[in-house]
Amino acid sequence: MQPGYQPQQPPQINNNMTMSIVAIFLFWPLAIPAIINASKVNPLLQQGDYAGAQAAAAESKKWSKWALIVGIAWYVIVLLCCLLGGLAGMMSGDSTAY
């Protein structure tokens, strides 16, 4: 080894595991592929497969984003339905109780 030579460290790739775990609480069917792909990133980096690690990280990010989008949209729709249903019930003025 030459003096002053430092081995080049492999680039760090964000595996998006945190976003994948958050996504599982919002919409788990799409978060499962995100977690599977996120768990592939570090082993691929250790094997020296940087292109594979980047591809797995990109897939994880894609599935996480879709899970977050669908999950948040679903919660907004449910909230709106509950609020509108409650308002409709209050506005109907039907005082007959069984």
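The values are calculated or read from the model by the stated rules, or taken from the named source; none is laboratory data. Note that the coordinates shown come from a computational prediction; the quantities given were computed from them, not determined experimentally. FYI the Cβ positions are ideal-geometry reconstructions off the backbone, even for glycines, and counts take in every protein chain you see.
Restricting LEU68, LEU45, LEU83 to those that are surrounded by 10 or more Cβ atoms within 10 Å (Cβ to Cβ), at pLDDT below 95 and within 29 Å of ASN14 (Cα to Cα) reduces the list to LEU45. Selection of first residues in segment 70-81 that are without any contact (Cβ under 8 Å) to a residue 60 or more places away in the chain and in a helix (DSSP H, G or I) and of second residues that are exposed (fewer than 12 other Cβ atoms within 10 Å of the Cβ) and of a type in the set (Ser, Thr, Tyr), restricted to Cβ pairs under 7 Å at least 6 apart or on distinct chains, gives an empty result.
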